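A.B. asks: Okay, handing you the structure first.
The values are calculated or read from the model by the stated rules, or taken from the named source; none is laboratory data. Since this is a predicted model, take the numbers as computed values, not measurements. Positions of Cβ are generated from backbone atoms using ideal geometry, with glycine treated the same way; all protein chains shown enter the neighbour counts. In case anyone asks, the SASA skips ligands and DNA or RNA and just uses the protein heavy atoms, side chains included. Shrake-Rupley method; radii C 1.70, N 1.55, O 1.52, S 1.80 Å.
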Amino acid sequence: MQDAPSLGHHLGLGVGLRNVHFDHILREWPAVDWFEAISENFMDSGGRPGYVLAQIAERYPVVLHGVSMSIGSCDPLDRDYLRRLRALAEGVGARWVSDHVCWTGVGGVNSHDLLPLPLTEEVLAYVAERVRVVQDILGRPLVLENPSTYLRLRASTLREPEFLAALVAETGCRLLLDVNNVFVSCFNAGEDPRSYLDAFPFEAVVQLHLAGHQRGPEHIVDTHDQPVSEGVWELFRLAWQRTGGASTLLEWDGEVPAFERVHAELLRAREFMAGELDHGRLDAALRRGPSAAAEGLSTPVDFLVPSVMGRSELAAEAL
Amino acid sequence: MSESKGQPSPPASLRDFQDWMLGALVRPEGASGPELDVRVHPPARVRLGTYQRSYIARLGKCLAGQFPALCHALGPELFDDFAREYLRAHPSTSHSLYALGRRFPAWLEAQRPDRDAAAAQREAWIDFMVDLADYEWRLFELFDGPGPEREREREPTADCPDAELALQPHLVLAEHRFPVAWYYHEVRAGRRPSVPRREPSASVLLRRDYATSTFPVTALHLRFLTCVRERGSVNAGLVGLAEVLGRPLAEIEAAWAAQREGVRRPWIEAGFFTRARPRTRR
């Protein structure tokens, strides 16, 4: 298995690579530190997405982030998927490969959602065994992200930070800490995100995620369709300092604005790298009332579907 | 922990939970279960609703992204209804969302209320929707499938002999009952086309430099190109066409020769063909 020096490398501030930004990136080569590509968007691509990623990988550090590994599923691991993931990672020189601590489907069906696991010792042992299998096939440590959750399961006996710390200890995997997901899950569970972060195994974190969320009438939905909230920025301040400046990436997946706007939002991270956590600001964010907007979609994925229409033409009828 | 074929076995309780929750997403009516922690506020059912609502809406948006012209033709509400029923019948079984719409055109055809009627008695607008879905799926597959971009050295020039001209393997030859390519590109242009009248159309779909193009061709040209594909070269395709049409080969070859500048050259320049044999290096 690949040793981990590159995993500890601090890449700086990166942007999630999205289809709608391809033309801009290839034209402008923006001053972004690195890109994160959704693995499933590229691992089978014989067309433009694969071509674009290859071009980008020649100029920027690239990280792969998956949404369909389904590490917690009762279905057998898809070894063909994992082999192709490894080939993609090697092809683009991915600094690391990440996915989520979740399951996405069972019985051969993929919901394309990041569904919650009961956090128990039994499930921990099962997931740890699967992480080891994945790491053997990938030939490198797997990086796993805490998902957003909307349910607390009666069967759970472990807190998520405890579950993740044990998973790291048993497998040597690394973690991607999504600060927005901490805010969303803790709010929905009625927990204090500071308590969550106090228990989090920061020594295993190689990457941080930032994103926007939306408040529903009674809970928060991880919509990735707007700027990062002030409460999440405060949590980022804490997380960034405790990780010693982990590579940080902004995800914007719904109503994706122009690249410059996404990049500008990312660069706001610089404002929150120093200083003390503003508890009053965080508390105010946690107390804030629901938005008037209709509840957004959790885990948006339609951005993964390329616009074929935008690159299609009808030739003259002379032929 | 026991191993099965080199993979760990899941706890039984986890399997029960996942079967239940996935069922609650795919078939949400009447979903309930003891797995939900009813001590949280708001009630667990509301939170399950977040997963349920997002599941169908999320995949419906993906399907609309794969079939934008069909979505335009049906209108978003009716399209969503079809998408909901389709996803219930054919939930995703792939790690990739790109495969989501693969069975959609055939599913639409199978769902038509007049499917048992004679072809002439069937509703024209349903034929159009099925054809449009078929066209859009073929374009989608062409867009991200294997393409000719890495085989530039095999691009022929106009002086390439017919015996060395083979059909570009990624080319799509399509026939539809309506001018669906025209409709699709009207939508692309931001116009609001009406459902066109029935008018058989033949077309060649190809990709070049990672963009797709649709070339309207005559029905006869489509038969010829099909022969070229089946027989392996233009020369052999001419023989095949002569057989199909029951005409003398000399007549077919003369007709092809007469189209050397009007058809053959534009087809080569457009990328219809590849060299059957790689060029030898000097």
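A.B. asks: Within region B:193-276, report the trypsin sites (Lys or Arg not before Pro) that DSSP leaves as loop and that have at most 16 other Cβ atoms within 10 Å.
C.D. replies: On the way: sites: B:Arg197, B:Arg198, B:Arg207, B:Arg208, B:Arg223, B:Arg229, B:Arg231, B:Arg260, B:Arg264, B:Arg275; in loops: B:Arg197, B:Arg198.
Answer in residue order: B:Arg197, B:Arg198.
A.B. asks: Can you send over the carbon and sulfur percentage of the accessible area for region A:14-290, probe radius 1.4 Å, protein chains only? Walk me through the numbers before you get to the answer.
C.D. replies: On the way: 4170 of 8770 Å².
Summing carbon and sulfur atoms, their accessible area is 48 percent of the total for region A:14-290.
A.B. asks: Can you tell me the relative contact order of region B:132-242? Whole percent, Cα pairs under 8 Å, sequence separation 6 or more. Before the final figure, lay out each step's value.
C.D. replies: Working: 154 pairs, mean separation 32.6, N = 111.
Across region B:132-242, relative contact order equals 29 percent.
A.B. asks: Oh, and also: Under the rule of -39500 (n - 2.57) per DSSP H run of 4 or more residues, summed and divided by the residues of chain A, what mean residue ellipticity at 222 nm is obtained, to the nearest 500 deg cm²/dmol?
C.D. replies: On the way: 11 runs with 115 residues, N = 319.
Counting only the DSSP helices, I get -10500 deg cm²/dmol.
A.B. asks: So what is the accessible area of the protein assembly as shown per residue, in Å², with the probe set to 1.4 Å? Provide the component values of the computation, followed by the final result.
C.D. replies: Numbers: 24610 Å² over 601 residues.
Heavy-atom SASA per residue in the protein assembly as shown reads 41 Å².
A.B. asks: Label region A:14-290 by shape, choosing from rounded, prolate and oblate, from the square roots a ≥ b ≥ c of the eigenvalues of the Cα gyration tensor; if a/c is under 1.5 it is rounded, and otherwise prolate applies when a/b is larger than b/c, oblate when it is not. Please report the intermediate quantities before stating the final value.
C.D. replies: Details: a/c = 1.58, a/b = 1.06, b/c = 1.50.
Here region A:14-290 falls in the oblate category.
A.B. asks: Also: Under 5 Å between amide H atoms, partner at least 5 residues away or on a different chain: which partners does A:Arg95 have, H built in plane at 1.01 Å?
C.D. replies: A:Val62, A:Val63, A:Leu64
A.B. asks: Okay, next question. May I ask you to derive the relative contact order of chain A, considering only C-alpha pairs under 8 Å and at least 6 residues apart, and to give it as an integer percent?
C.D. replies: On the way: 582 pairs, mean separation 56.3, N = 319.
Averaging sequence separation for qualifying contacts and normalising by length gives 18 percent for chain A.
A.B. asks: Which value at 222 nm does chain B reach when only helices count, each DSSP H run of 4 or more adding -39,500 (n - 2.57), with the total divided by all residues and rounded to the nearest 500 deg cm²/dmol? Display every interim value, and only then the final one.
C.D. replies: Working: 11 runs with 138 residues, N = 282.
The helix-only estimate for chain B comes to -15500 deg cm²/dmol at 222 nm.
A.B. asks: Which parts of region A:136-167, residue by residue, lose 10 Å² or more of accessible area when the rest of the protein chains are there, as against the chain isolated (1.4 Å probe)?
C.D. replies: A:Tyr150, A:Leu151, A:Arg152, A:Leu153, A:Arg154
A.B. asks: Charges at C-beta only: +1 for Lys and Arg, -1 for Asp and Glu. How large is the resulting dipole of region A:14-290 about its Cα centre, in Debye rounded to 20?
C.D. replies: Details: 26 positive and 40 negative charges, 66 e Å.
Its charge dipole is roughly 320 debye.
A.B. asks: Angle check, please: helix B:124-144 long axis (alpha carbons) against the longest principal axis of chain B (alpha carbons), in degrees 0 to 90, nearest 10.
C.D. replies: Long axis of B:124-144 versus the principal axis of chain B: about 80 degrees.
A.B. asks: Another question about this same structure. Among rounded, prolate and oblate, which fits region A:172-283 when a ≥ b ≥ c are the square roots of the eigenvalues of its C-alpha gyration tensor, a/c under 1.5 means rounded, and a/b larger than b/c means prolate?
C.D. replies: Values: a/c = 1.43, a/b = 1.12, b/c = 1.28.
In terms of gyration-tensor shape, rounded.
A.B. asks: Another question about this same structure. Whole-Hz ³J(HN,Hα) for each residue in region B:185-195, computed from phi via Karplus 6.51 cos²θ - 1.76 cosθ + 1.60 with θ = phi - 60°, x for glycine and proline: what do you get?
C.D. replies: Values per residue, Gly and Pro as x: 7, 5, 5, 4, 6, x, 8, 10, x, 7, 4 Hz.
A.B. asks: Nearest-5 percent of antiparallel DSSP beta bridges in the protein assembly as shown? If you can, show how the numbers build up before the last one.
C.D. replies: Working: 21 of 51 bridges.
The antiparallel fraction comes to roughly 40 percent.
A.B. asks: Separate question: Mind running the shape call on region B:156-282? Use the C-alpha gyration tensor, a ≥ b ≥ c as the square roots of the eigenvalues: rounded below 1.5 for a/c, prolate if a/b tops b/c, oblate otherwise.
C.D. replies: oblate
A.B. asks: Counting only other chains, what is the mean number of Cβ atoms within 10 angstrom of the Cβ of each residue in peptide A:65-78?
C.D. replies: Details: counts 0, 1, 3, 5, 1, 2, 0, 3, 5, 10, 4, 7, 3, 1.
For this peptide, the per-residue mean of nearby foreign Cβ atoms is 3.
A.B. asks: Assuming a viscosity of 1.306 mPa s and a temperature of 10 °C, what translational diffusion coefficient in µm² per second does Stokes-Einstein assign to chain B, Rh being the Kirkwood radius over Cα pairs? Please list the in-between numbers first.
C.D. replies: On the way: Rh = 22.7 Å.
Taking Rh from Cα pairs, D becomes 70 µm²/s.
A.B. asks: Cβ under 11 Å from A:Trp252's Cβ, A:Trp252 left aside: what net charge do those residues give with Lys, Arg +1 and Asp, Glu -1? Display every interim value, and only then the final one.
C.D. replies: Values: positive: A:Arg18, A:Arg261; negative: A:Asp225, A:Glu251, A:Asp253, A:Glu255, A:Glu265.
Around A:Trp252, the charge tally is -3.
A.B. asks: Taking DSSP loops as anything outside H, G, I, E and B, show the longest stretch in chain B free of GluC sites (Glu not before Pro) there with at most 12 other beta carbons within 10 Å. It would help to have the intermediate numbers written out before the result.
C.D. replies: Values: sites that count: B:Glu29, B:Glu123.
Longest run free of exposed loop sites: B:124-282.
A.B. asks: Enumerate the amide H contacts of A:Gly16 below 5 Å, restricted to partners 5 or more residues apart or on another chain; note that Pro and chain-start residues carry no placed amide H.
C.D. replies: Here A:Glu36, A:Leu250, A:Trp252 satisfy the definition.
A.B. asks: For the pair B and A, how large is the buried accessible area, both sides, in square angstrom to the nearest 100, if the probe is 1.4 Å? The partial results should precede the final answer.
C.D. replies: Details: alone 17150 and 14190 Å², together 24610 Å².
Buried area between the two chains comes out at roughly 6700 Å².
A.B. asks: As a test of the definition: which semi-axes, in Å, follow for the protein assembly as shown when you take the square root of five times each eigenvalue of its alpha carbon gyration tensor? Largest first, please. Intermediate values should be presented prior to the final figure.
C.D. replies: Numbers: eigenvalues 467, 150, 104 Å².
Values for the protein assembly as shown, descending: 48, 27, 23 Å.
A.B. asks: Which residues of region B:210-236 end up with at least 40 Å² less accessible area in the presence of all protein chains than when their chain stands alone, using a 1.4 Å probe?
C.D. replies: Buried-area filter returns B:Tyr210, B:Thr212, B:Phe215, B:Pro216.
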